[in-house]
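Notes for the one structure printed next.
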Amino acid sequence: MALLLPVLATTGCNQSNSAPVSPKAESSPQSRQLKVVATFLPMYWFTKAVSGDLANVEVLVPPGTEVHEYQATPKDVQALAQADVLVKNGFGLEEFIENTVKNAQNTKLKEIEASNGIKPLQEISPVVKRAEKVDNDHNHKAGNPHVWLDPVLAIKQVENIRDGLMAADPANKGAYQANAIAYIQQLQEIDRQFKQSLQRYPNCTFVTFHDAYPYLAQRYQLKQVAVVEIPEDQLSPTDIQKTIAAVKQYKVKALFGEPGVDNKLLKSLSQDLNLTLRPLDSMEIGPLDPQHYFTAMKTNLQTLESACR
């Protein structure tokens with residue numbers, strides 16, 4: 001059974017103004033609060049979950065902004081100039097960050113690469129190889145960066161962040177350790193739910209316009225067919241042709257877009273192909289509450305399970 005999953009770039013968000021939910025952790029009145037900058041939303045969630053109230057955590061890329069295309073601002077440079085720690089995903093996703101760090105001229109800045117120790121997937125899709133070179137300056141040369149969508153790999157990212165924060169602030173090592181344990185337990189539970197629900201649909205195949213889900217697909221024995229590697233603002237005629245061909249080849253049953261995106265072309269395409277248009281979340285938009293990761297992943301699981309039936 002198969003489904004179609006186009007994931008396109010988004011340019012807006014409804015960011016929550018409520019304070020992030022954090023594990024209970026208190027710093028000493030005499031200690032200076034650690035200043036941490038996370039590159040984009042999932043890195044912010046994981047960092048805030050581990051740091052609790054022990055660090056002042058900022059996010060550089062506004063939720064809902066396409067990370068691949070992001071251009072750093074003077075405010076970003078200033079934030080890094082004043083920060084103690086930078087948390088980034090790695091695998092070349094944050095292409096803007098190297099020059100931003102250089103311009104900040106902060107010799108004391110400690111960098112944490114959350115994907116350190118994770119083996120990257122190199123091909124555009126585990127199902128079909130890239131037939132032609134993608135003419136795009138933002139190719140994933142270091143491997144596919146979307147590891148946070150696999151809860152097991154997200155655990156590794158949380159562990160890397162935990163270790164980095166403990167090294168930067170050893171006085172609060174115990175609190176970082178405790179906070180990480182609590183969040184990892186939740187990640188283990190969402191992994192268990194995915195395994196239990198999706199094991200009934202082995203090799204369920206989906207097609208995507210954004211090569212964002214190979215780690216999740218590999219973890220739960222699904223199959224992803226990617227039409228393009230990097231999300232685009234508008235579908236090209238070639239993309240539409242590839243989509244129609246994929247629908248016919250893999251007998252696709254459903255069409256997925258991102259939450260909050262009103263894409264008339266996708267709606268029209270779904271109607272032409274007699275497919276249902278549903279949302280699936282790539283975690284680049286949402287509130288700053290670290291618990292939203294689990295809310296979004298549970299919704300994704302329900303959507304995938306419904307489509308794979």
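The values are calculated or read from the model by the stated rules, or taken from the named source; none is laboratory data. These figures come from a predicted structure and were not determined experimentally. Glycine also receives a Cβ, built like all others from the backbone with ideal geometry; neighbour counts cover every protein chain displayed.
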Can you confirm whether segment 73-85 contains a residue that is at pLDDT 95 or above, within 21 Å of the chain's Cα centre (by Cα) and not basic (Lys, Arg)?
-> yes
Looking at segment 81-90, which of its residues are over 21 Å from Ala49 (Cβ atoms) and touching a residue at least 40 places away in the same chain (Cβ under 8 Å)?
-> Gln82
Residue check: is Tyr293 aromatic (Phe, Trp, Tyr) and touching a Pro at 6+ places or on another chain (Cβ under 8 Å)?
-> yes
Would you tally the residues in segment 80-109 being of a type outside the set (Lys, Arg) and either touching a His at 6+ places or on another chain (Cβ under 8 Å) or over 17 Å from Glu58 (Cα atoms) (or both)?
-> 10
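Here is a yes/no grid of residues against (1) at pLDDT 95 or above; (2) surrounded by fewer than 23 Cβ atoms within 10 Å (Cβ to Cβ); (3) not in a loop (DSSP other than H, G, I, E, B):
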| site | (1), (2), (3) |
| --- | --- |
| Thr10 | no, yes, no |
| Asn17 | no, yes, no |
| Glu26 | no, yes, no |
| Lys35 | yes, yes, yes |
| Ala49 | yes, no, yes |
| Asp53 | yes, yes, no |
| Val57 | yes, no, yes |
| Asn99 | yes, yes, yes |
When you look at Asn263, is it at pLDDT 85 or above and of a type in the set (S, T, N, Q), yes or no?
-> no
